[in-house]
Amino acid sequence: MKVFNNIILLLGLLLTVPSASQNRTNIDTLLERLNENHMGSVTDVFTLEELQQLKAYFATQKGNVPVQENESLLLNRRLASSQVVIPVRVVSIEPTDLSDLLDYGPSNIPEFEGAGYIRGIPANEAVIIDNANNVYLRGIENNTIVNNGAVVNVPPGESITGVELIVGRTDMLYGVSTNGVDSSHLLRINPSNFEAEVIGGNNGLIVPIALAKDGANNLITIDIDDDMVYTLNIETGAASLIGPLGYNANFGQGMAFDPFSGEILNAAYNSSVGDSELRVINPNTGLSVSLGTIKPGTLDQFGWIDAYDSDLLATIENIFDEFEMYPNPMSDQLHIKATNPIQSVSIFTLAGQEVVQKSMDTLSSTLDLAFLSSGMYVMQVEINNELGFYKLIKN
């Protein structure tokens, strides 16, 4: 078991940059501190000078550290996040190009941004929960931030470290909270008023640091105390071991399921290399594989991530003024028409699964959608080689 020290106490242990003659001893001290459990930001525990010292040390050791990197297959998807090494920035990660970040400016959230997710039809807003359980609403590709109160009924002394939205007839947000020592719980959170309900009792995990789902809506978490991956029973809150994560996890981590690729992604601070990586987690074994280092050569950390497609952002205007779809809400059939030929229609679930794809070349058509389950969908329409997006409700 890793040693756990309260972050506040650790702040008092930070030392000034050592002389060169003390370098070996101080590296050992920094490595010992790095091997402890830390829930928040690396800059809560190390000065920037100490982080540079660690990074230089790991640069000489990487020949002895097996890092498996796979080419990303995530196409044009992006990961919304916050880069939390001071100064904190609003960013997006491009999985196919980890060499740099898309930077949208500073974040003014004062506490560590440890949990978050994207919501909207199409995606139009990030919801961020800090380590004091305060809730903030933020743009996805901008840094407009609004305080939205706090999550209530979180167990005393616990911070929410990860959230995941389960989409269905009634959307429900789930969160994992912990005090980082001996108490952790699964929460069911109303996404409208952020009132939490504790599911079951203490799940026995020490530092569950993030939460995601798999393709079957099973909840998955990482415990950075033992570097193991667990499932959390959505009805009882009980934790069940899946297997080892495969790297030395520490500090706040981001994790999310991307329904388009079917992958569980982990923006991971790996203490064995002193850097942040993008990793893919196998939900059957727990083992993760690195897709590469995020922005090599810099000191970065990511407290939360969620996947989105910038082409589906709600900020993109619908380009077809003369396009009509009716009735909406609909039951069995949907009628569509336009002043220019419709080339194709695709319908997606809110989780990103494509359930309808039809090519055509017509000014009007009737779609038989009786087979769709009740709920909300996103319809993509192609006209003149351009795309428009519309909300569709199935009764």
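The values are calculated or read from the model by the stated rules, or taken from the named source; none is laboratory data. Predicted, not measured: the structure shown is a model, and the values here were computed from it. Counting neighbours? That spans all protein chains shown, and the Cβs are built from the backbone with ideal geometry, glycine included.
Given the condition surrounded by 18 or more Cβ atoms within 10 Å (Cβ to Cβ), under 14 Å from the mean Cα position of the chain (by Cα) and at pLDDT below 95, answer yes or no: does some residue in region 95-104 qualify? Steps first, answer last, please.
Filtering region 95-104 for residues surrounded by 18 or more Cβ atoms within 10 Å (Cβ to Cβ) gives 95, 98, 101, 104.
Narrowing the set further to residues that are under 14 Å from the mean Cα position of the chain (by Cα) leaves 95.
Checking the rest, the ones that are also at pLDDT below 95 come to 95.
Yes, region 95-104 contains at least one residue that is surrounded by 18 or more Cβ atoms within 10 Å (Cβ to Cβ), under 14 Å from the mean Cα position of the chain (by Cα) and at pLDDT below 95.
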### Query
Only one residue in 306, 300, 332, 361 is in the same structural domain as residue 176 (by TED's automatic domain parsing) and either modelled with pLDDT of 90 or more or in contact with a Gly (Cβ under 6 Å, 6 or more places away or on another chain) (or both). Which one?
306
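I need the full set of residues from region 242-251 which are part of a loop (DSSP other than H, G, I, E, B) and closer than 21 Å to residue 131 by Cα, in order please. I'd like the intermediate steps shown before the answer.
Filtering region 242-251 down to residues part of a loop (DSSP other than H, G, I, E, B) leaves 245-248, 250-251.
Result: 250, 251.
Quick check on this structure: which one of 205, 187 is within 30 Å of residue 395 (Cα to Cα) and not polar (S, T, N, Q)? Steps first, please.
Details: 205 fails: within 30 Å of residue 395 (Cα to Cα).
Testing whether each residue is within 30 Å of residue 395 (Cα to Cα) and not polar (S, T, N, Q) leaves just 187.
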### Query
With 135, 91, 146 as the choices, which residue is in a strand (DSSP E or B), over 16 Å from the mean Cα position of the chain (by Cα) and aliphatic (A, V, I, L, M)?
146
### Message
Which of the numbered conditions does residue 121 fail, given that it passes all the others? Conditions: (1) crowded, with 19+ Cβ neighbours inside 10 Å; (2) modelled with pLDDT under 95; (3) within 20 Å of residue 190 (Cβ to Cβ).
### Response
(1)
### Query
Across region 135-171, what is the total count of residues that are charged (D, E, K, R) and either at positive phi or modelled with pLDDT under 95 (or both)?
3
### Task
For region 149-165, enumerate the residues that are assigned to a strand (DSSP E or B) and buried (at least 17 other Cβ atoms within 10 Å of the Cβ).
159, 160, 161, 162, 163, 164, 165
### Task
Would you check if residue 131 is surrounded by 15 or more Cβ atoms within 10 Å (Cβ to Cβ), more than 13 Å from residue 303 (Cβ to Cβ) and assigned by TED's automatic domain parsing to the domain that holds residue 196?
no
### Query
Does any residue of region 54-77 turn out to be farther than 26 Å from residue 281 by Cβ, at pLDDT 75 or above and either in contact with a helix residue (DSSP H, G or I) (Cβ under 6 Å, 6 or more places away or on another chain) or not acidic (Asp, Glu) (or both)?
no
### Task
Go through region 311-326 and count every residue that is surrounded by 12 or more Cβ atoms within 10 Å (Cβ to Cβ) and either modelled with pLDDT of 85 or more or small (Gly, Ala, Ser) (or both).
4
### Summary
Checked region 191-227 for anything of a type in the set (Val, Ile, Thr) and assigned to a strand (DSSP E or B); matches are 198, 199, 209, 220, 221, 222
### Subset of region 229-241 (residues that are surrounded by fewer than 21 Cβ atoms within 10 Å (Cβ to Cβ) and assigned to a strand (DSSP E or B))
231, 240, 241
### Message
For region 176-190, give me the residue count where each residue is crowded, with 20+ Cβ neighbours inside 10 Å and part of a strand (DSSP E or B).
### Response
8
